Amino acid sequence: MIKAKLKNICNILNGYAFKSNNYVNDGIRIIRITNVQKGIIEDSDPKFYPNEEEKKIQKYLLNENDLLISLTGNVGRVGLLRKDLLPAALNQRVGCIRIKDKNKLNIRYLFQLLNSNTFENICISNSKGIAQKNLSTEWLKEYEFIIPNMEEQLIIAEKLENIQKIITIKQSQLCKLDELIKSLFVDMFNKYEKIELHFIANIVMGQSPKSSSYNNNNIGTPFFQGKADYGDKYTIIKHWTTKPCKLAQKGNVLMSVRAPVGPVNIASHNCCIGRGLCAINSKPEKANNEFLYNALKAIQNEISSIGTGSTFKAITKNEIYNIKLPNAPIEKQDEFTKIVNQIDKQKFEIQNSLNKMKALYETLMNKYFG
């Protein structure tokens, strides 16, 4: 076991300011700051540089398993570059950490070390800037850490990777069940005429009371401001207000109407709702709230696309009123709700297992790198 500075065991490279007006439809992938997320290199919106520019940008070309780090904004996030993303080049404000001697340090171990919350927090505390954090590669070079022997490095990396694989599988299972519900919604209700939401539900737009009335001491009325107060299905009380403005009833569907637009939850208590939410309550013999919750959840992406705004998205009262849902008989709504409840039971079990795996992962990360 030895102690070493990052610069003594790794090469640390800075990126280049590639001009966006030179981007093309295919070629050399440019790895930008937005691509470097916590533990992964994300590639949903790829940008490419012309292949004929390869020689000019040779020093910025990346290799498989290069360890990339964000140097601006959410500093200290790291991800390993996958082979399927090559050829790729390093953009400005993204750092590349490349091991010099692979007999002394294993990239899988180094990734786990630098992917720890401990390292990320150290990066944040050593960054400069108020509005936007900036991390220097000069500081990064001086970062000192413990390097165990190679056998121990591999054991630690494998333990953490195995847990990450289980976490990925569980997350995939949850996504597939959500897709199943969306598919079921289309199959069961596609034949029904669409009707505007205000015909089958009463809608109350939220309004935030004065902040001086807020408290965390269980005094007054539970106050839900937005998606931050959501649980998996039911809201979680974090704040109360002594001067409630707009009220919602227990069991009402709450929808986020401001950044983000569309996510829904069910009110766990009679409550006050802030301007980030609206409350939706089914009209008798027209719909039931469980159906509305599941139906709105099934078309969440569609609702989100309605939102407008340059700084953050929001949706207006009229746009909410005009959301269209199938005008299906109550019996059909109940049938859908019953099936979804069964799927939710599966999701609940998977989510519990996922939470345990995440907790185990964090425990081991703190043990090895905390």
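The values are calculated or read from the model by the stated rules, or taken from the named source; none is laboratory data. This is a predicted model, so every value here is computed, not measured. Ideal geometry is used to build each Cβ from the backbone, glycine not excepted, and the neighbour counts take in all protein chains shown.
How about region 258-351: which strands (runs of 3 or more DSSP E) wholly inside it have at least 3 residues that are closer than 24 Å to Thr241 by Cα and in contact (Cβ under 8 Å) with a residue 12 or more places away in the chain? Walk me through it before giving the result.
Details: elements: 261-266, 271-273, 277-282, 324-326.
The qualifying strands (runs of 3 or more DSSP E) are 261-266, 271-273, 277-282.
Any idea which of Phe199, Phe189, Phe185, Phe223 is over 28 Å from Lys286 (Cα atoms) and of a type in the set (Phe, Trp, Tyr)?
Phe223
Quick one: which residue in Asn294, Asn301, Asn341 is surrounded by 15 or more Cβ atoms within 10 Å (Cβ to Cβ) and under 26 Å from Asn190 (Cβ atoms)? Steps first, answer last, please.
Details: Asn301 fails: surrounded by 15 or more Cβ atoms within 10 Å (Cβ to Cβ); Asn341 fails: surrounded by 15 or more Cβ atoms within 10 Å (Cβ to Cβ).
After ruling out the rest, the residue left standing is Asn294.
Determine which single condition Asp84 fails, assuming it passes every other condition in (1) under 14 Å from Ile30 (Cβ atoms); (2) over 22 Å from the mean Cα position of the chain (by Cα).
The one condition Asp84 does not meet is (1).
Given region 133-249, what strands (runs of 3 or more DSSP E) lie entirely inside it while holding 1 or more residues that are small (Gly, Ala, Ser)?
Result: 201-205.
If we keep just the residues of region 44-53 that are part of a loop (DSSP other than H, G, I, E, B) and at pLDDT 95 or above, which is surrounded by the most Cβ atoms within 10 Å (Cβ to Cβ)?
Lys47
Quick one: is Glu193 touching a Pro at 6+ places or on another chain (Cβ under 9 Å) and surrounded by fewer than 16 Cβ atoms within 10 Å (Cβ to Cβ)?
Numbers: touching a Pro at 6+ places or on another chain (Cβ under 9 Å): yes; surrounded by fewer than 16 Cβ atoms within 10 Å (Cβ to Cβ): yes.
Yes; evaluated as a whole, the condition is true for this residue.
Is there any pair linking a residue in region 50-70 that is in contact (Cβ under 8 Å) with a residue 12 or more places away in the chain to one that is exposed (fewer than 12 other Cβ atoms within 10 Å of the Cβ), with Cβ under 6 Å and at least six apart or on different chains, and which?
Taking only residues 6 or more apart or on different chains, the pairs are Glu64/Lys83.
Of the conditions (1) assigned to a strand (DSSP E or B); (2) aliphatic (A, V, I, L, M); (3) more than 23 Å from Phe369 (Cα to Cα), Ile130 fails just one. Which one is it?
(1)
Can you tell me which residue in region 72-127 is nearest to Phe48 (Cα to Cα), limited to those that are part of a loop (DSSP other than H, G, I, E, B) and of a type in the set (A, V, I, L, M)?
The qualifying residue nearest to Phe48 (Cα to Cα) is Leu86.
So is Pro222 touching a residue at least 40 places away in the same chain (Cβ under 8 Å) and buried (at least 19 other Cβ atoms within 10 Å of the Cβ) or not?
So Pro222 fits the description; yes.
Which of the numbered conditions does Asp26 fail, given that it passes all the others? Conditions: (1) among the charged types (D, E, K, R); (2) under 23 Å from Glu161 (Cβ atoms); (3) touching a Phe, Trp or Tyr at 6+ places or on another chain (Cβ under 7 Å).
Single failed check for Asp26: (2).
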